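Comments concern the structure below.
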Amino acid sequence: MKLSPACKDYRIAAIVTALFYAVGIAGHIYPPALPLMIALTPWVLLIFGALVILQVNPQPQRRALLWIGGTYLFTFVMEALGVATGLIFGGYVYGDSLGIQLFQVPVVIGFNWTIIVLALSGEIFRLVRNPILGGLLAGLGAVLFDWVMEPAAISLDYWHWDQGGIPLQNYLAWFGIAALCSWVYGRLRIQTESRLGILYVLIQLIFFIVLRAAAVQFP
């Protein structure tokens, strides 16, 4: 299927995203700026997540919008059930760093889930046609992302585990949820135009790796 061009060149969006996150890394490492960086976190996730969706221009439009909305609702419900019961990811609670909450879950969290799976699926399904295989690969990619993110996220008061350590159950849940959402993406035969999504995920990975190495702590 031929895609309609959403943006002929994504380099400007990529450069802006990379520069903004570079400033964010510096701001997190510089203690006086850290409270401001924390306050901006949910807005950064929202704005740059929206930029990714607009720039990669997932198609066909109706099916893509259905997938985006469904993935947001599904992942948010999983998070809400997870916080309420501890049966999905393990026992955990969210801090205040990710902004406005509903059912004790930041409203932006399902959006970030959607962006991560969209980015992984967009890249994987350029190479893989089988929805099951694509879903499994996306699940593995999501687990790797979470493994890198967890220590920095905990130190920045994104969330905290009841027992202190990160349970294996969390990674199994990440794998299953991402794999299922990506499988649906493949079944719907959605395609994306540019590779800004996977670049954005890689930028986030670098962000968390640096903060993890720098041992940045919530003020």
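The values are calculated or read from the model by the stated rules, or taken from the named source; none is laboratory data. Note that the structure is a prediction, hence the values are computed from the model and not measured. Every residue, glycine as well, gets a Cβ built from its backbone with ideal geometry; the counts of neighbours run over all protein chains shown. Heads up: the accessible areas ignore ligands, DNA and RNA and are worked out on the full protein's heavy atoms, side chains in. Shrake-Rupley method; radii C 1.70, N 1.55, O 1.52, S 1.80 Å.
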Handout entry: Projected area averaged over orientations for segment 143-203, convex hull of C-alpha atoms, nm²
Key = 5.2 nm²
Practice task
State the percent of C-alpha pairs, over all pairs in segment 96-215, separated by a distance greater than 18 angstrom.
Solution key: 55 percent
Completion exercise
Per residue, the convex hull enclosing the alpha carbons of the chain has a volume in Å³ of 108 Å³
Exercise for the section: Would you compute, from DSSP H runs of 4+ residues alone, the mean residue ellipticity of the chain at 222 nm, taking -39500 (n - 2.57) per run and dividing by the full residue count, rounded to the nearest 500? Expected result: -24000 deg cm²/dmol
Handout entry: Local net charge near Leu66, Cβ-Cβ under 15 Å (Lys/Arg +1, Asp/Glu -1)
Key = +4
Problem - Whole-percent pair-distance distribution, where bins are 10 Å wide, for the alpha carbons of segment 125-171 - result: 23, 40, 22, 14, 0
Problem - J(HN,Hα) series, segment 87-102, from Karplus relation 6.51 cos²θ - 1.76 cosθ + 1.60, nearest Hz, glycine and proline x - result: 8, 9, 9, x, x, 7, 9, 8, x, 9, 5, 9, x, 4, 10, 9
Fill in the blank from the handout: Sorted by accessible surface (1.4 Å probe, heavy atoms of the protein chains only), largest first, Leu73, Leu156, Leu137, Leu120 come out as Leu73, Leu137, Leu120, Leu156
Handout entry: Over segment 73-165: Kirkwood hydrodynamic radius from C-alpha pairwise inverse distances, Å
Key = 14.3 Å
Exercise for the section: Give me the distance between the Cα centres of segment 155-219 and segment 114-143, rounded to whole Å. Expected result: 13 Å
Completion exercise
In the neighbourhood of Val93 defined by beta carbon distances under 11 Å, the net charge of the other residues (Lys, Arg +1; Asp, Glu -1) is -3
Problem - Coordinate range along principal axes, alpha carbons of segment 3-98, Å, largest first - result: 44, 37, 15
Exercise for the section: Express the relative contact order of the chain as a whole percentage, based on alpha carbon pairs under 8 Å and six or more residues apart in sequence. Expected result: 31 percent
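Percent of accessible area on the chain owned by carbon and sulfur, 1.4 Å probe?
On the way: 7820 of 11050 Å².
Accessible surface attributable to carbon and sulfur in the chain totals 71 percent.
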Problem - Mean accessible surface per residue for segment 93-134, computed with a 1.4 Å probe while every protein chain stays in place, in Å² - result: 46 Å²
